[in-house]
1. Rounding to the nearest 10 and keeping the result within 0 to 90°, find how far the Cα-based axis of helix 545-554 lies from the longest principal axis of the chain.
2. What residues have an amide H closer than 5 Å to that of Val542, excluding those fewer than 5 places away on the same chain, when H is modeled at 1.01 Å from N in the peptide plane?
3. Between Ser111 and Asn359, what is the label-to-label distance in nm when each label sits 7 Å out along the Cα-to-Cβ direction?
4. Counting Lys +1, Arg +1, Asp -1, Glu -1, what net charge surrounds Ala104 among other residues with beta carbon under 13 Å of its beta carbon?
5. So if R0 is 45 Å, what FRET efficiency would Glu335 and Glu227 give, r being the distance between their Cβ atoms, rounded to the nearest 0.05?
6. Please report the spacing between the Cα centers of the range 493-553 and the range 277-316 in Å, no decimals.
7. Compute the helix-to-body angle for 3-12: its Cα long axis versus the longest principal axis of the chain, expressed 0 to 90° and rounded to tens.
8. For the range 336-378 and the range 4-25, what is the separation of their Cα centres, given in Å?
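A short reminder: the numbers here are calculations on the coordinates, not readings from a lab. Values in this document were obtained by computation on a predicted structure and should not be read as measured data. Cβ placement follows ideal geometry from the backbone for every residue including glycine, while neighbour counts extend to all protein chains displayed.
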Amino acid sequence: MTHLEKAVELQKNGYHCSQAIVGAFANELGYNLKDCFKISTCFGGGMREGGTCGCITASFMVLGMAFGFYDPQDKELELYGNKKAEEFLALFKERMAGDITCKAILGQDISKPEGLAVIRKEGLMLKLCPRAMRVCIAIVEEMIADFQTRENDLLRDGVENIKNTDNLTTIIKHADKRRKFTGNVTKLLDSTDKKVAFIQFDIKRFKIINDLYGEKFGDQVLFFVSEKLKTICDENQFFMNLRADVFVIVTAYDTDHELDTLITRLEESFEEFKEVKLQLSFGVYTVEDRGMEIRQMEDRAAMARKAAKDEVATNRLFYQEQFKELLYTRKFIEENMNAAITEKQFKMYLQPKYSISQNKIVGAEALVRWIHPQRGMVYPDEFIPIFEENGFIRKVDYYIWEEACRFIKKCTDLGLRDCPVSVNVSRQHLKDMEFMRVLVAYIRNNKIEKSLLELEITETANDEKISRVAEQLKKDGFTLLMDDFGSGYSSLNVLLETPFDVLKLDKKFMDNMMASEKGKLILEYVVAMAKKLELGLLAEGVETKEQVELLSKIGCDKVQGYYYAKPMPQEEFFEMLLAERGVESAKKA
Ligand code: C2E
Ligand code: CA
Ligand code: CA
């Protein structure tokens with residue numbers, strides 16, 4: 001059956017022209033008909049817009065993109081890709097002898113009810129549209145053939161004189177593999193009685209492998225994985241290297257045990273390459289609705305894989321509905337973060353630090369809040385990890401540091417010099433020295449004392465570089481607080497290597513310790529140790545009276561936590577501080 005015959009048949013079955021044309025190419029595209037209809041329909045609206053018939057142009061666009069010879073978005077394809085629309089329209093006009101609008105093709109105005117009535121009554125679409133469809137399909141077929149010839153030439157000769165050849169070749173090769181893969185998966189989904197699963201995996205810290213051993217070595221690793229996958233996969237299993245170190249395998253299977261065995265086999269096969277240990281993270285999506293688009297199935301496996309990366313206990317996770325939420329949140333955050341800075345949606349909250357014995361405020365920690373005009377309050381636990389990944393944390397921290405300096409200035413102006421404010425310094429900053437210049441500039445511009453701006457740095461496994469930066473900060477006269485002490489990576493070496501002034505006992509650490517007598521003893525000795533080392537101490541996340549009493553008993557006097565106060569807008573904290581210090585309102589103004 002030719003493309004035209006197939007298209008005419010689809011049209012007779014009630015599908016409109018663009019569905020019929022795109023559907024006619026379903027086999028080569030490796031799509032099922034339903035997917036073809038969906039993508040063609042999105043452009044159908046163009047029909048009423050005049051100019052060339054929307055069904056025709058839409059079909060050209062969809063097919064051009066799907067076969068790879070047209071892509072309005074992709075600058076890489078500009079070489080010969082994006083001139084294709086003009087070429088198509090010119091050819092269409094010529095071969096249709098100028099009859100390019102719906103009105104010209106059908107002899108009736110489709111945008112008017114009376115025109116539509118005639119078209120329906122006389123079945124004009126079935127009679128007249130195939131002429132336009134024939135021309136459209138013929139041009140598309142020529143373009144595909146032309147594109148494939150070029151593609152083959154390109155692959156064979158390497159065509160040095162075309163700019164971006166490497167890029168272009170890679171793109172074309174990749175598109176080709178993707179088409180084959182999608183085709184195979186579609187067939188598998190359509191034909192097998194077994195269950196089907198998408199297993200996506202990547203190599204943990206692949207970037208670091210690239211950095212340490214060089215990109216060539218990284219490429220060799222990926223080649224090794226691809227080659228090995230060829231031997232692992234049988235005729236009901238298909239794999240694809242989606243990008244960089246991300247691979248997906250689609251497999252038919254009967255029991256979960258079978259699936260588990262396959263993953264274990266993958267894990268063992270890729271344990272090591274040239275004596276470099278490789279660790280994989282696996283995300284699995286087991287297909288429930290076979291009518292779902294393949295991309296969607298892939299997305300779900302990808303979500304599971306990303307979640308698996310953050311897991312400590314396991315390196316394989318199955319897709320769960322709530323991953324979708326996480327993905328939406330991430331998307332929201334990334335799309336809105338820049339506006340959040342320019343529109344000043346980030347706010348500095350301050351949480352008081354108290355002395356138990358004096359029962360008064362002895363400082364505050366600056367914590368960021370994102371108040372989004374529609375979504376409301378967004379908490380740092382949601383966005384800070386994302387900002388740390390994409391580097392945006394620098395901007396947010398600078399903003400909060402500046403706010404903190406202004407706040408300190410405001411207090412100093414009223415004679416309040418006994419309320420230092422600590423700010424969080426993300427580890428991102430410690431990679432270079434830029435942040436120090438920024439800090440110094442804020443301090444100088446606001447004419448505040450350096451000792452009133454304290455820096456919180458999260459403790460982690462010992463890191464020489466960070467120790468050096470901390471050393472420098474210390475030399476420059478900054479006060480350093482070790483945040484989250486005891487939270488997991490804790491190494492007593494850090495105490496030796498890094499010159500901190502204050503340990504902030506982590507909430508979870510404290511909660512754990514307080515749960516048993518043995519724990520309480522450990523806590524007591526930690527407090528004693530800090531004293532001996534002449535380190536300051538502050539307990540975070542203190543929520544109950546019992547905690548306060550115990551801390552006071554073992555000699556930890558400074559606390560921060562809901563028991564005393566939650567983080568609050570800086571204005572509120574300011575009022576609270578003034579009231580406590582007995583500063584009159586007149587002075588405030
Ligand atoms: P963190 O630095 O350990 O901050 C303490 C967190 O514990 C804060 O959460 C605070 O609201 C919360 N907290 C304080 N007292 C209690 C309590 O009694 N009970 C409980 N359950 N929680 C308490 P928050 O503000 O949501 O911040 C979470 C984390 O986000 C912070 O942990 C910090 O790592 C990061 N973060 C917050 N603001 C900034 C910022 O401006 N810059 C950077 N780089 N990180 C920030
Ligand atoms: Ca902190
Ligand atoms: Ca903390």
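1. Roughly 50 degrees, rounded to the nearest 10.
2. Gln560, Gly561, Tyr562, Tyr563
3. Label at Ser111, label at Asn359, 7.9 nm between them.
4. Values: positive: Lys93, Lys103, Arg131; negative: Asp99, Asp109.
Spelling it out: positives minus negatives among the neighbours equals +1.
5. Rounded to the nearest 0.05, the efficiency is 0.70.
6. The two parts, judged by their Cα centres, are 40 Å apart.
7. Value to nearest ten degrees: 80.
8. Measuring centre to centre over Cα atoms gives 59 Å.
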